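Report on the following structure.
The values are calculated or read from the model by the stated rules, or taken from the named source; none is laboratory data. Note that this is a predicted model, so its numbers are computed, not measured. Reconstructed Cβ throughout: ideal geometry from the backbone, glycine too, with neighbour counts over all protein chains shown. For the accessible areas, the whole protein counts, side chains as well, though only heavy atoms, and no ligand, DNA or RNA atoms are used. Shrake-Rupley method; radii C 1.70, N 1.55, O 1.52, S 1.80 Å.
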Amino acid sequence: MEKKDLRIVFLGTPDFAVESLRRIVDEGYNLVGVVTMPDKPAGRGHKMYQSPVKEFALERGLKLMQPVKLKDPEFVEELRSLDADLFIVIAFRMLPEVVWKMPRLGTFNLHASLLPRYRGAAPINWAVINGDRETGVTTFFLKHEIDTGDILRQERIEIGEDENVGSVHDRLMVLGAELTLDTISHILAGDLKPCPQDELTGGSEPTPAPKIFRDTCHLDFSRPAEEVRNLVRGLSPYPAAWFELRDAEGDSESAPLSVLKVFESRRAGASSLAAGEVSAEGGSLTVGCGDGEALEITEVQPSGKRRMTAGEFLRGARLPEKLVAR
């Protein structure tokens, strides 16, 4: 079969998926349909938000479907009428069996980790948060349990010591598009040898990558400085780690002096500061950590204000002499 004869349906939502979608189209594959999330209101004005995948599909004149429910009989029949040979899923919702079993060549997913490590919604974040020195992308055939299907192809990259999740995301997005094309070509050639994930776990439990919530992003300075720094890296630039800056002699029930999102930090070495104790001397914002080291906070965003250096924040803030980070 030639690439122009391979009928493909693509399912995805965010920017991470668009790069692969663009490459599939530009390489001349026969993309017969694109499925993405329905529009939804967003922001203060509740303007209807269109997913990046939808925007690309409209720009290229591709057939677009936005089902509210993936088991809806009308959607399932419309999907079946496309007579697709292959479905490709990147950063989309969990598919019902009636959908992922539909194409004759199967449905494969691109996942931003080296499966079976980091199964779940936030694999790039957790690789950086946990201080991993490498990560990658994996394609696998879908099955019932999420992110558990047989592995088709994998590619690896190193994570830089000071690299944040935004940078890793962008590199994996490009690498993932290459791996998607590579997987399609091997499916066309019929020479894939899928590998069950159980063969790679060595009997250990796969590493989870659960969804990131606000509480996940809260910095706990009782932890070691490197662990706190990695949390900052793993959440920067979005959704960003945060902590409350408080008056050390104030009422614990009172409002904080400021709630700061943190985008950059660096270890400041051994320190006499207690865990959570803050020094704002010399225009630097330094916080003691639980292992006897301190962390210098170098870039922040106070609530309702722009992103700025810690020095800029300190120059514009009226703060008491004794501070704590909570």
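How much accessible area per residue does region 1-104 have, in Å², with a 1.4 Å probe? Spelled out: the 1.4 Å probe surface of region 1-104, per residue, equals 53 Å². A Stokes-Einstein calculation at 37 °C with viscosity 0.692 mPa s, built on the Kirkwood radius of region 153-228 over Cα pairs, returns a diffusion coefficient of 201 µm²/s. Rolling a 1.4 angstrom probe over region 39-160 with all protein chains present gives an accessible area of which 49% lies on carbon and sulfur atoms. The Cα atoms of region 73-225 cover 57, 34, 32 Å along the three principal axes, with the biggest extent listed first. In plain terms, the C-alpha convex hull of region 18-57 casts an average shadow of 3.0 nm² when viewed from every direction. The amide H of T298, built 1.01 Å from its N in the peptide plane, has E264, S265, R266 as neighbours under 5 Å, considering only residues 5 or more places off or on other chains.
Normalising by residue count, the chain has a Cα convex hull of 161 Å³ per residue. Grab the other residues whose beta carbon is less than 11 angstrom from that of S51, score K and R as +1, D and E as -1, and report the net. Once positives and negatives cancel, what remains is -1.
Computed 3J(HN,Hα) for region 75-88, one whole-Hz value per residue from the Karplus formula 6.51 cos²θ - 1.76 cosθ + 1.60 where θ = phi - 60°, is 5, 4, 5, 5, 5, 5, 5, 6, 6, 6, 8, 8, 10, 10, glycine and proline marked x. Computed from phi, the 3J(HN,Hα) profile of region 89-101 under the Karplus parametrisation 6.51, -1.76, 1.60 (θ = phi - 60°) reads 10, 9, 6, 10, 7, 5, 8, x, 4, 4, 8, 6, 8 Hz, with x in place of Gly and Pro.
Restricting the trypsin sites (Lys or Arg not before Pro) of region 164-247 to loop positions (DSSP other than H, G, I, E, B) with no more than 10 neighbouring Cβ atoms within 10 Å leaves K211, R214.
Ordered from highest to lowest accessible area with the whole protein assembly present and a 1.4 Å probe, F213, F87 read as F213, F87. Gain on full extension, evaluated as 0.36 nm per residue between A248 and F213 minus their Cα-Cα distance, stands at 9.9 nm. Taking label positions 7 Å along the Cα-Cβ direction at both V98 and N130, the computed distance is 3.6 nm, reported to one decimal. Taking 27 Å as the straight-line reach from the Cα of K3, the lysines in range (excluding those fewer than 8 positions away in the same chain) are K54, K63, K101, K143, K193. For region 19-145, what percent of Cα pairs sit more than 17 Å apart? Of all Cα-Cα distances in region 19-145, 65 percent exceed 17 Å. Find the centroid of the Cα atoms in region 296-322 and in region 109-163, then give the distance between the two in whole Å. Spelled out, the Cα-based centre of one part sits 35 Å from the other.
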